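Take a look at the structure set out below.
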Amino acid sequence: MSTEAIPNLTAFDEAALDQAFAALEQQARAAAAALDTPEAVEAYRLQWLGRKQGRLNEVSSRWLKAAPAEAKKALGQRFNALKAVVESLLDAALGAGPSDAALAAEALDITLPGTRRLTGAEHPITRTLNEIVSVFAALGYSVGVGPEVETDFYNFEGMNFPPGHPARDTQDTLVVAGQERRAQRDRLLLRTHTSPVQMRTMELQPPPVRIVIPGKVHRNDAADATHSPIFHQVEGLCVDTNITFSDLKGTLDHAMKALFGSSVKTRFFPSFFPFTEPSADVQISCIFCGGKGCRKCKQSGWIELLGCGMVDPAVFAFAGEKQPAYDPKKISGFAFGMGVERIAMMKYGVSEIGQFYAGDMRFLGQFV
Ligand code: DAH
(Lines give C-alpha, C1' and ligand atoms only; values in the text may rest on other atoms or scores of the structure.)
Protein backbone atom coordinates (compact mmCIF):
# COMPACT_ATOMS: atom_id res chain seq x y z
CA MET A 1 0.00 0.00 0.00
CA SER A 2 1.28 3.43 -0.89
CA THR A 3 2.52 5.45 2.02
CA GLU A 4 3.87 8.38 0.05
CA ALA A 5 3.60 11.53 2.10
CA ILE A 6 1.12 14.17 1.08
CA PRO A 7 3.18 16.90 -0.69
CA ASN A 8 2.72 20.62 -0.07
CA LEU A 9 0.75 22.43 -2.76
CA THR A 10 2.32 25.60 -4.15
CA ALA A 11 0.09 26.30 -7.16
CA PHE A 12 -3.71 26.37 -6.93
CA ASP A 13 -4.79 26.85 -10.55
CA GLU A 14 -7.10 24.24 -12.06
CA ALA A 15 -4.35 22.35 -13.87
CA ALA A 16 -2.18 22.07 -10.75
CA LEU A 17 -5.19 20.88 -8.70
CA ASP A 18 -6.15 18.31 -11.35
CA GLN A 19 -2.64 16.95 -11.35
CA ALA A 20 -2.33 16.78 -7.55
CA PHE A 21 -5.68 15.01 -7.08
CA ALA A 22 -5.06 12.64 -9.99
CA ALA A 23 -1.82 11.50 -8.31
CA LEU A 24 -3.65 10.82 -5.03
CA GLU A 25 -6.45 8.94 -6.81
CA GLN A 26 -3.93 6.77 -8.56
CA GLN A 27 -2.29 5.88 -5.21
CA ALA A 28 -5.70 5.11 -3.67
CA ARG A 29 -6.66 2.83 -6.55
CA ALA A 30 -3.33 0.99 -6.54
CA ALA A 31 -3.49 0.40 -2.80
CA ALA A 32 -7.13 -0.79 -2.98
CA ALA A 33 -6.27 -3.29 -5.71
CA ALA A 34 -3.77 -5.00 -3.39
CA LEU A 35 -6.22 -5.56 -0.51
CA ASP A 36 -6.47 -9.28 0.21
CA THR A 37 -7.49 -9.72 3.84
CA PRO A 38 -10.08 -8.13 6.12
CA GLU A 39 -7.19 -6.74 8.20
CA ALA A 40 -5.70 -5.03 5.15
CA VAL A 41 -9.07 -3.51 4.24
CA GLU A 42 -9.39 -2.07 7.74
CA ALA A 43 -5.84 -0.70 7.58
CA TYR A 44 -6.69 0.94 4.23
CA ARG A 45 -9.80 2.55 5.70
CA LEU A 46 -7.76 4.00 8.56
CA GLN A 47 -4.98 5.16 6.26
CA TRP A 48 -7.30 7.03 3.93
CA LEU A 49 -10.40 7.94 5.90
CA GLY A 50 -9.14 7.91 9.51
CA ARG A 51 -10.47 10.96 11.35
CA LYS A 52 -7.15 12.14 12.78
CA GLN A 53 -4.31 10.69 10.77
CA GLY A 54 -6.09 9.71 7.56
CA ARG A 55 -4.61 10.99 4.29
CA LEU A 56 -7.83 12.76 3.26
CA ASN A 57 -7.91 14.55 6.57
CA GLU A 58 -4.35 15.68 5.96
CA VAL A 59 -5.23 16.92 2.46
CA SER A 60 -8.12 18.90 3.80
CA SER A 61 -6.19 20.46 6.65
CA ARG A 62 -3.03 21.26 4.65
CA TRP A 63 -4.22 22.04 1.12
CA LEU A 64 -7.55 23.65 1.91
CA LYS A 65 -6.05 25.90 4.54
CA ALA A 66 -3.20 27.02 2.31
CA ALA A 67 -5.48 27.73 -0.66
CA PRO A 68 -6.28 31.33 -1.57
CA ALA A 69 -9.98 32.17 -1.18
CA GLU A 70 -10.74 32.01 -4.92
CA ALA A 71 -9.30 28.45 -5.25
CA LYS A 72 -11.12 26.93 -2.26
CA LYS A 73 -14.26 26.01 -4.21
CA ALA A 74 -12.39 24.18 -6.99
CA LEU A 75 -10.23 22.40 -4.42
CA GLY A 76 -13.28 21.40 -2.34
CA GLN A 77 -15.03 19.86 -5.36
CA ARG A 78 -11.99 17.77 -6.23
CA PHE A 79 -11.56 16.75 -2.60
CA ASN A 80 -15.18 15.51 -2.45
CA ALA A 81 -14.74 13.60 -5.68
CA LEU A 82 -11.58 11.90 -4.37
CA LYS A 83 -13.31 11.02 -1.12
CA ALA A 84 -16.20 9.43 -3.05
CA VAL A 85 -13.71 7.37 -5.05
CA VAL A 86 -11.93 6.13 -1.89
CA GLU A 87 -15.25 5.25 -0.27
CA SER A 88 -16.45 3.26 -3.26
CA LEU A 89 -13.09 1.46 -3.44
CA LEU A 90 -13.51 0.58 0.21
CA ASP A 91 -17.08 -0.62 -0.30
CA ALA A 92 -15.93 -2.82 -3.15
CA ALA A 93 -13.11 -4.27 -1.02
CA LEU A 94 -15.47 -4.93 1.91
CA GLY A 95 -18.06 -6.65 -0.25
CA ALA A 96 -15.58 -8.70 -2.16
CA GLY A 97 -15.42 -11.47 0.47
CA PRO A 98 -12.52 -13.88 0.72
CA SER A 99 -10.27 -14.37 -2.25
CA ASP A 100 -10.48 -17.49 -4.41
CA ALA A 101 -7.24 -18.73 -2.85
CA ALA A 102 -8.65 -18.34 0.64
CA LEU A 103 -11.81 -20.16 -0.38
CA ALA A 104 -9.88 -23.03 -1.87
CA ALA A 105 -7.89 -23.45 1.35
CA GLU A 106 -11.06 -23.69 3.44
CA ALA A 107 -13.11 -25.87 1.13
CA LEU A 108 -14.56 -29.09 2.52
CA ASP A 109 -12.59 -32.08 1.37
CA ILE A 110 -15.17 -34.85 1.21
CA THR A 111 -12.50 -37.45 0.48
CA LEU A 112 -11.03 -37.13 4.02
CA PRO A 113 -12.06 -39.84 6.52
CA GLY A 114 -14.75 -38.72 9.01
CA THR A 115 -14.23 -38.04 12.73
CA ARG A 116 -15.32 -41.09 14.72
CA ARG A 117 -17.25 -40.43 17.91
CA LEU A 118 -16.35 -42.82 20.72
CA THR A 119 -19.36 -44.15 22.60
CA GLY A 120 -19.13 -43.81 26.37
CA ALA A 121 -19.74 -46.76 28.69
CA GLU A 122 -20.30 -47.38 32.38
CA HIS A 123 -17.10 -47.67 34.38
CA PRO A 124 -16.69 -51.28 35.61
CA ILE A 125 -17.03 -50.13 39.23
CA THR A 126 -20.25 -48.25 38.48
CA ARG A 127 -21.53 -51.20 36.53
CA THR A 128 -20.80 -53.67 39.33
CA LEU A 129 -22.29 -51.32 41.90
CA ASN A 130 -25.49 -51.00 39.86
CA GLU A 131 -25.65 -54.74 39.37
CA ILE A 132 -25.39 -55.41 43.12
CA VAL A 133 -28.03 -52.77 43.84
CA SER A 134 -30.42 -54.21 41.25
CA VAL A 135 -30.16 -57.71 42.76
CA PHE A 136 -31.51 -56.26 46.01
CA ALA A 137 -33.96 -53.91 44.30
CA ALA A 138 -35.56 -57.04 42.83
CA LEU A 139 -36.06 -58.29 46.43
CA GLY A 140 -37.92 -55.08 47.34
CA TYR A 141 -34.99 -53.10 48.79
CA SER A 142 -34.88 -49.34 48.31
CA VAL A 143 -31.64 -47.46 47.61
CA GLY A 144 -30.13 -44.78 49.83
CA VAL A 145 -27.03 -42.62 50.03
CA GLY A 146 -25.23 -40.72 52.76
CA PRO A 147 -22.45 -38.15 53.12
CA GLU A 148 -18.82 -39.06 52.48
CA VAL A 149 -17.72 -36.48 55.06
CA GLU A 150 -19.28 -37.97 58.17
CA THR A 151 -19.37 -37.25 61.90
CA ASP A 152 -17.56 -39.38 64.43
CA PHE A 153 -20.98 -40.28 65.84
CA TYR A 154 -22.40 -41.84 62.70
CA ASN A 155 -19.17 -43.43 61.49
CA PHE A 156 -18.11 -44.86 64.86
CA GLU A 157 -19.99 -44.18 68.08
CA GLY A 158 -23.51 -44.86 66.83
CA MET A 159 -22.24 -48.04 65.17
CA ASN A 160 -21.04 -49.17 68.59
CA PHE A 161 -17.36 -48.23 68.30
CA PRO A 162 -17.11 -46.16 71.54
CA PRO A 163 -14.28 -43.60 71.84
CA GLY A 164 -11.04 -45.47 72.43
CA HIS A 165 -12.44 -48.80 71.20
CA PRO A 166 -9.65 -50.82 69.54
CA ALA A 167 -11.85 -51.58 66.49
CA ARG A 168 -11.43 -47.90 65.54
CA ASP A 169 -7.75 -48.56 64.83
CA THR A 170 -8.64 -50.97 62.04
CA GLN A 171 -10.49 -48.14 60.28
CA ASP A 172 -8.08 -45.21 60.48
CA THR A 173 -8.97 -42.35 58.14
CA LEU A 174 -8.46 -38.65 57.37
CA VAL A 175 -10.08 -36.23 59.80
CA VAL A 176 -11.05 -32.64 59.07
CA ALA A 177 -8.60 -30.25 60.78
CA GLY A 178 -9.34 -27.57 63.37
CA GLN A 179 -12.25 -29.21 65.19
CA GLU A 180 -10.71 -29.37 68.66
CA ARG A 181 -13.49 -27.24 70.13
CA ARG A 182 -16.22 -29.61 68.99
CA ALA A 183 -17.45 -32.55 71.03
CA GLN A 184 -15.82 -35.74 69.78
CA ARG A 185 -19.07 -37.13 68.35
CA ASP A 186 -19.51 -34.02 66.16
CA ARG A 187 -16.03 -34.05 64.65
CA LEU A 188 -15.88 -34.65 60.89
CA LEU A 189 -13.93 -37.36 59.09
CA LEU A 190 -13.98 -39.16 55.76
CA ARG A 191 -16.27 -42.13 56.36
CA THR A 192 -14.51 -45.47 56.58
CA HIS A 193 -17.57 -47.55 55.64
CA THR A 194 -21.13 -47.13 54.39
CA SER A 195 -22.50 -48.50 57.68
CA PRO A 196 -23.22 -45.00 59.13
CA VAL A 197 -26.04 -44.71 56.61
CA GLN A 198 -27.78 -47.56 58.50
CA MET A 199 -28.17 -45.17 61.44
CA ARG A 200 -29.12 -42.21 59.26
CA THR A 201 -31.83 -44.33 57.62
CA MET A 202 -33.27 -45.60 60.91
CA GLU A 203 -33.35 -42.09 62.38
CA LEU A 204 -35.49 -40.96 59.46
CA GLN A 205 -37.98 -43.82 59.30
CA PRO A 206 -39.52 -46.38 61.65
CA PRO A 207 -39.26 -50.09 60.79
CA PRO A 208 -39.73 -51.99 58.55
CA VAL A 209 -36.58 -51.08 56.61
CA ARG A 210 -35.08 -52.80 53.60
CA ILE A 211 -32.37 -50.68 52.04
CA VAL A 212 -29.09 -50.93 50.16
CA ILE A 213 -26.58 -48.09 50.26
CA PRO A 214 -23.83 -47.86 47.65
CA GLY A 215 -21.00 -45.39 48.16
CA LYS A 216 -17.39 -44.34 48.39
CA VAL A 217 -15.32 -44.88 51.54
CA HIS A 218 -11.84 -43.92 52.75
CA ARG A 219 -9.21 -45.69 54.83
CA ASN A 220 -5.62 -45.20 55.80
CA ASP A 221 -4.59 -48.32 53.88
CA ALA A 222 -1.42 -48.58 51.84
CA ALA A 223 -2.24 -49.14 48.18
CA ASP A 224 -1.26 -52.57 46.87
CA ALA A 225 -2.64 -54.97 44.26
CA THR A 226 -5.89 -55.47 46.16
CA HIS A 227 -6.16 -52.38 48.43
CA SER A 228 -6.86 -48.74 47.71
CA PRO A 229 -7.28 -45.95 50.29
CA ILE A 230 -10.47 -44.96 48.46
CA PHE A 231 -12.90 -47.66 47.43
CA HIS A 232 -16.60 -48.50 47.21
CA GLN A 233 -19.02 -50.51 49.30
CA VAL A 234 -22.63 -51.57 49.16
CA GLU A 235 -24.26 -51.68 52.57
CA GLY A 236 -27.50 -53.51 53.29
CA LEU A 237 -29.98 -53.25 56.15
CA CYS A 238 -33.18 -55.18 56.81
CA VAL A 239 -35.22 -54.51 59.97
CA ASP A 240 -38.67 -55.87 60.74
CA THR A 241 -40.41 -58.12 63.25
CA ASN A 242 -39.04 -61.67 63.44
CA ILE A 243 -36.03 -61.22 61.16
CA THR A 244 -33.70 -64.15 61.83
CA PHE A 245 -30.24 -65.34 60.87
CA SER A 246 -31.92 -67.71 58.38
CA ASP A 247 -33.32 -64.67 56.55
CA LEU A 248 -29.79 -63.26 56.39
CA LYS A 249 -28.37 -66.53 55.05
CA GLY A 250 -31.13 -66.98 52.47
CA THR A 251 -30.87 -63.38 51.26
CA LEU A 252 -27.09 -63.41 50.83
CA ASP A 253 -27.05 -66.90 49.32
CA HIS A 254 -29.55 -65.71 46.72
CA ALA A 255 -27.57 -62.49 46.07
CA MET A 256 -24.28 -64.37 45.53
CA LYS A 257 -25.97 -66.76 43.09
CA ALA A 258 -27.50 -63.80 41.23
CA LEU A 259 -24.10 -62.10 40.99
CA PHE A 260 -21.81 -65.06 40.27
CA GLY A 261 -24.04 -67.79 38.84
CA SER A 262 -26.48 -70.32 40.27
CA SER A 263 -23.86 -73.00 40.95
CA VAL A 264 -22.08 -70.81 43.53
CA LYS A 265 -22.34 -72.01 47.14
CA THR A 266 -22.02 -69.85 50.28
CA ARG A 267 -20.84 -70.55 53.82
CA PHE A 268 -20.85 -68.40 56.93
CA PHE A 269 -17.95 -68.12 59.38
CA PRO A 270 -18.05 -66.52 62.83
CA SER A 271 -16.50 -63.05 62.80
CA PHE A 272 -16.63 -59.76 64.70
CA PHE A 273 -18.08 -56.35 63.88
CA PRO A 274 -19.03 -53.94 66.67
CA PHE A 275 -22.45 -53.25 65.12
CA THR A 276 -23.63 -56.85 64.63
CA GLU A 277 -24.09 -59.74 67.07
CA PRO A 278 -23.55 -62.44 66.01
CA SER A 279 -21.31 -61.43 63.10
CA ALA A 280 -20.17 -63.53 60.16
CA ASP A 281 -17.88 -63.50 57.16
CA VAL A 282 -19.43 -64.90 54.01
CA GLN A 283 -17.38 -67.09 51.72
CA ILE A 284 -18.41 -68.26 48.27
CA SER A 285 -17.19 -71.38 46.52
CA CYS A 286 -14.28 -70.40 44.26
CA ILE A 287 -15.68 -69.18 40.94
CA PHE A 288 -12.36 -69.94 39.19
CA CYS A 289 -11.99 -73.64 40.07
CA GLY A 290 -15.54 -74.50 41.16
CA GLY A 291 -14.27 -75.37 44.65
CA LYS A 292 -11.56 -77.87 43.72
CA GLY A 293 -8.75 -75.59 44.88
CA CYS A 294 -6.54 -73.27 42.80
CA ARG A 295 -4.08 -70.38 43.19
CA LYS A 296 -6.90 -67.78 43.34
CA CYS A 297 -8.54 -69.43 46.38
CA LYS A 298 -5.19 -70.44 47.91
CA GLN A 299 -6.16 -74.10 47.33
CA SER A 300 -9.03 -73.80 49.81
CA GLY A 301 -11.90 -73.85 47.30
CA TRP A 302 -13.48 -70.83 49.06
CA ILE A 303 -13.18 -67.05 48.73
CA GLU A 304 -14.11 -64.59 51.46
CA LEU A 305 -16.36 -61.89 50.10
CA LEU A 306 -18.34 -59.89 52.64
CA GLY A 307 -19.24 -59.18 56.25
CA CYS A 308 -22.67 -59.46 57.84
CA GLY A 309 -24.56 -60.15 61.03
CA MET A 310 -27.64 -59.50 63.12
CA VAL A 311 -27.96 -55.81 64.08
CA ASP A 312 -26.55 -55.31 67.59
CA PRO A 313 -29.13 -54.14 70.19
CA ALA A 314 -26.74 -51.28 71.03
CA VAL A 315 -27.20 -49.91 67.49
CA PHE A 316 -30.99 -50.12 67.84
CA ALA A 317 -30.65 -48.27 71.15
CA PHE A 318 -28.92 -45.33 69.42
CA ALA A 319 -31.56 -45.34 66.64
CA GLY A 320 -34.25 -45.51 69.33
CA GLU A 321 -33.18 -42.09 70.65
CA LYS A 322 -34.88 -40.58 67.60
CA GLN A 323 -37.27 -43.40 66.56
CA PRO A 324 -38.56 -45.29 69.60
CA ALA A 325 -39.96 -48.05 67.36
CA TYR A 326 -36.42 -49.46 67.14
CA ASP A 327 -36.98 -51.42 70.34
CA PRO A 328 -34.77 -54.54 70.28
CA LYS A 329 -37.43 -56.40 72.28
CA LYS A 330 -39.91 -55.97 69.45
CA ILE A 331 -37.86 -55.92 66.25
CA SER A 332 -34.72 -57.49 64.85
CA GLY A 333 -32.67 -57.13 61.72
CA PHE A 334 -29.62 -58.05 59.75
CA ALA A 335 -26.98 -56.02 57.98
CA PHE A 336 -24.23 -56.69 55.48
CA GLY A 337 -21.45 -54.82 53.71
CA MET A 338 -19.48 -55.73 50.63
CA GLY A 339 -16.56 -54.24 48.70
CA VAL A 340 -17.47 -53.33 45.14
CA GLU A 341 -13.89 -53.42 43.80
CA ARG A 342 -13.35 -56.90 45.18
CA ILE A 343 -16.49 -58.20 43.50
CA ALA A 344 -15.65 -56.42 40.21
CA MET A 345 -12.12 -57.89 40.28
CA MET A 346 -13.57 -61.38 40.63
CA LYS A 347 -16.29 -60.95 38.03
CA TYR A 348 -13.95 -59.48 35.40
CA GLY A 349 -10.71 -61.24 36.31
CA VAL A 350 -8.85 -58.03 37.21
CA SER A 351 -5.73 -58.64 39.32
CA GLU A 352 -4.66 -55.01 40.02
CA ILE A 353 -7.16 -52.75 41.80
CA GLY A 354 -5.27 -49.70 40.50
CA GLN A 355 -6.47 -50.45 36.97
CA PHE A 356 -9.92 -49.21 37.95
CA TYR A 357 -8.60 -45.74 38.75
CA ALA A 358 -5.83 -45.24 36.17
CA GLY A 359 -8.13 -44.03 33.38
CA ASP A 360 -6.24 -46.10 30.81
CA MET A 361 -8.47 -46.49 27.75
CA ARG A 362 -6.84 -49.80 26.84
CA PHE A 363 -8.26 -51.18 30.10
CA LEU A 364 -11.59 -49.34 30.14
CA GLY A 365 -12.26 -50.05 26.45
CA GLN A 366 -12.71 -53.71 27.31
CA PHE A 367 -15.89 -52.93 29.23
CA VAL A 368 -17.76 -51.18 26.41
N1 DAH B 1 -18.67 -51.94 57.65
C2 DAH B 1 -17.88 -53.15 57.51
C3 DAH B 1 -16.51 -52.79 56.94
O4 DAH B 1 -16.39 -51.82 56.28
C5 DAH B 1 -18.56 -54.11 56.58
C6 DAH B 1 -19.77 -54.68 57.20
C7 DAH B 1 -19.69 -55.84 57.95
C8 DAH B 1 -21.00 -54.04 57.08
C9 DAH B 1 -20.79 -56.38 58.57
C10 DAH B 1 -22.13 -54.58 57.69
C11 DAH B 1 -22.00 -55.75 58.43
O12 DAH B 1 -23.33 -54.01 57.62
O13 DAH B 1 -23.11 -56.25 59.03
O14 DAH B 1 -15.59 -53.51 57.18
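The values are calculated or read from the model by the stated rules, or taken from the named source; none is laboratory data. Model, not experiment: these values are computed from the prediction. Ideal geometry is used to build each Cβ from the backbone, glycine not excepted, and the neighbour counts take in all protein chains shown. Surface accessibility is based on the protein's heavy atoms, side chains included, excluding ligands, DNA and RNA. Shrake-Rupley method; radii C 1.70, N 1.55, O 1.52, S 1.80 Å.
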Q | Filtered residues of the range 49-69 (kept if over 22 Å from ALA16 (Cβ atoms) and either open to solvent by less than 60 Å² (accessible area, probe 1.4 Å) or assigned to a helix (DSSP H, G or I) (or both)) | A | LEU49, GLY50, GLY54
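So that you can scan it fast, the table gives a plain yes or no per residue for (1) of a type in the set (A, V, I, L, M); (2) within 16 Å of the ligand (Cβ to nearest atom); (3) open to solvent by 40 Å² or more (accessible area, probe 1.4 Å); (4) touching a Lys or Arg at 6+ places or on another chain (Cβ under 9 Å):
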position	(1), (2), (3), (4)
ARG295	no, no, yes, no
ALA314	yes, yes, no, no
MET345	yes, no, no, no
VAL368	yes, no, yes, no
Q. Could you list, in sequence order, the residues of the range 180-194 that are part of a loop (DSSP other than H, G, I, E, B) and more than 16 Å from the ligand (Cβ to nearest atom)?
A. GLU180, ARG181, ARG182, ALA183, ARG187
Q: Restricting attention to the range 260-289, report how many residues are open to solvent by 50 Å² or more (accessible area, probe 1.4 Å) and modelled with pLDDT under 95.
A: 2
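For every residue, the table says whether it meets (1) touching a residue at least 60 places away in the same chain (Cβ under 8 Å); (2) within 45 Å of the chain's Cα centre (by Cα); (3) open to solvent by 70 Å² or more (accessible area, probe 1.4 Å); (4) in the same structural domain as LYS347 (by TED's automatic domain parsing).
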site: ALA74; (1), (2), (3), (4): yes, no, no, no
site: PHE79; (1), (2), (3), (4): no, no, no, no
site: VAL85; (1), (2), (3), (4): yes, no, no, no
site: ALA93; (1), (2), (3), (4): yes, no, no, no
site: ILE110; (1), (2), (3), (4): no, yes, yes, no
site: PRO113; (1), (2), (3), (4): no, yes, yes, no
site: ARG117; (1), (2), (3), (4): no, yes, yes, no
site: LEU129; (1), (2), (3), (4): yes, yes, no, yes
site: VAL135; (1), (2), (3), (4): yes, yes, no, yes
Q: Could you run through the range 228-259 and say how many residues are open to solvent by 30 Å² or more (accessible area, probe 1.4 Å) and either farther than 27 Å from VAL315 by Cβ or in a helix (DSSP H, G or I) (or both)?
A: 9
Q) Out of the range 122-178, which residues are in contact with a strand residue (DSSP E or B) (Cβ under 8 Å, 6 or more places away or on another chain), on the phi < 0 side of the Ramachandran plot and in a loop (DSSP other than H, G, I, E, B)? A) LEU139, TYR141, GLY144, VAL145, GLY146, GLU148, THR173, LEU174, VAL176
Q) Quick check: anything in the range 158-166 in contact (Cβ under 8 Å) with a residue 40 or more places away in the chain and away from the ligand (no atom under 16 Å from the Cβ)? A) no
